[in-house]
Amino acid sequence: MTKVTTDNEADFVDLYATTGNNTACDGADRGIGGVLEESKLELLGTQIPWYAHPNEQGRDIQAQQVATPIETVINR
């Protein structure tokens, strides 16, 4: 976790450090959904593509990175 101090203190978790190399082009290991890769979200009965947004694997990678910092902030 990188701490950023401004007029109002803020904590910043650098997700790019762990997910920056995990792109939509990384095959089955990708954490970013491809432009036309269907997600599990539906709108009016149609599945919505990820549109280069974190897919389930990317979501899990990011959640692992922020869980401890969130607990730290909550327990201050």
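What follows is calculated from the coordinates using simple rules that are stated; it is not laboratory data. All values derive from a computational prediction rather than experimental measurement. Here the Cβ is made from the backbone with ideal geometry for all residues, glycine too, and neighbour counts use every protein chain on show.
In nm, to one decimal, how far is the A63 label point from the S39 one, both placed 7 Å along Cα→Cβ?
Those two pseudo-labels are separated by 1.5 nm.
Please report the net charge: other residues with Cβ closer than 11 Å to the Cβ of R76, K and R +1, D and E -1. Let's see the in-between values first.
On the way: positive: none; negative: E9, D11, E71.
So the surrounding residues net to -3.
So how compact is the chain: Cα radius of gyration and Dmax in angstrom?
15.6, 46
Taking Cα atoms, how many degrees apart are the long axis of helix 56-74 and the longest axis of the chain, rounded to 10 and kept between 0 and 90?
20
Based on DSSP H runs of at least 4 residues, each adding -39500 (n - 2.57), what is the mean residue ellipticity at 222 nm of the chain after dividing by all its residues, to the nearest 500 deg cm²/dmol?
That comes out to -9500 deg cm²/dmol.
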